[in-house]
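Accompanying notes for the structure given below.
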Amino acid sequence: ARPTPGLSDSLFVPDEIINPAPRFAALVKNIKRRRGSKVDIRVPRYRDEKTPDAARPVGCPPPATLEEALEMDEVYMDAMAFGMGCCCLQVTFQARDLSESRHLYDQLAVLGPIMLALTAATPIARGVLLDTDVRWDIIAQSVDDRTPAERGVAAGGGEGGGGHAA
């Protein structure tokens, strides 16, 4: 069964999967209201000699139907669930003072890229092989509340490149 229009207006996932705590529905609603549309997550598709040519090129306008989404050259996702559904770990450190905080930051800044590389465990999204190493762009795009002007795109136009301005 296809999702029915509602809070997220996703072509892929029903609103019933949104956590019932009020803050999650409010987050979906507020992001959609500020950006003027539902989220537009686009990730490069892995291409090899068996990958069929897509009918809709990179950067095309967001799809209106499931069929259009499946014809895209990019892997298209349209709900926060795709990003916020990714497993993540957040760690909070408490330091004695600013000096110790800076020291911790300097140590973790070196480890950050290594930790990111170790999370290269998202080779597939929406059942399609991805041409990326990590899931960061999916997570970032799933909560991108920038207006079209802030994203550097014309209102209603395709965002290409994952919705990030060039």
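The values are calculated or read from the model by the stated rules, or taken from the named source; none is laboratory data. What you see is a predicted model, and the numbers here were worked out from it, not measured in a lab. Here the Cβ is made from the backbone with ideal geometry for all residues, glycine too, and neighbour counts use every protein chain on show. For the accessible areas, the whole protein counts, side chains as well, though only heavy atoms, and no ligand, DNA or RNA atoms are used. Shrake-Rupley method; radii C 1.70, N 1.55, O 1.52, S 1.80 Å.
Values as computed for the structure displayed
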item: Packing-based ranking, highest mean first, of 43-53, 91-101, 72-82, 125-135 given that Cβ atoms within 10 Å are counted; result: 72-82, 125-135, 43-53, 91-101
item: Interchain or long-range residues, amide H under 5 Å from LEU130's placed H; result: TYR46, ILE124, ALA125
item: Alpha-carbon gyration tensor eigenvalues x 5, square-rooted, for segment 51-118, Å; result: 42, 14, 10
item: Segment 36-77: relative contact order in percent, alpha carbon pairs under 8 Å with at least 6 residues between; result: 54 percent
item: Percent of alpha-carbon pairs separated by more than 18 Å within segment 23-166; result: 63 percent
item: Stretch gain in nm, segment LEU108-LEU70, where the contour uses 0.36 nm per residue and the Cα spacing is subtracted; result: 9.7 nm
item: The chain - percent relative contact order, Cα under 8 Å, separation 6 or more; result: 30 percent
item: Solvent exposure, largest accessible area first (probe 1.4 Å, DNA, RNA and ligands not counted), of THR122, THR65; result: THR65, THR122
item: Theoretical ellipticity at 222 nm over the chain - DSSP helices of four or more residues, -39500 (n - 2.57) apiece, nearest 500; result: -9500 deg cm²/dmol
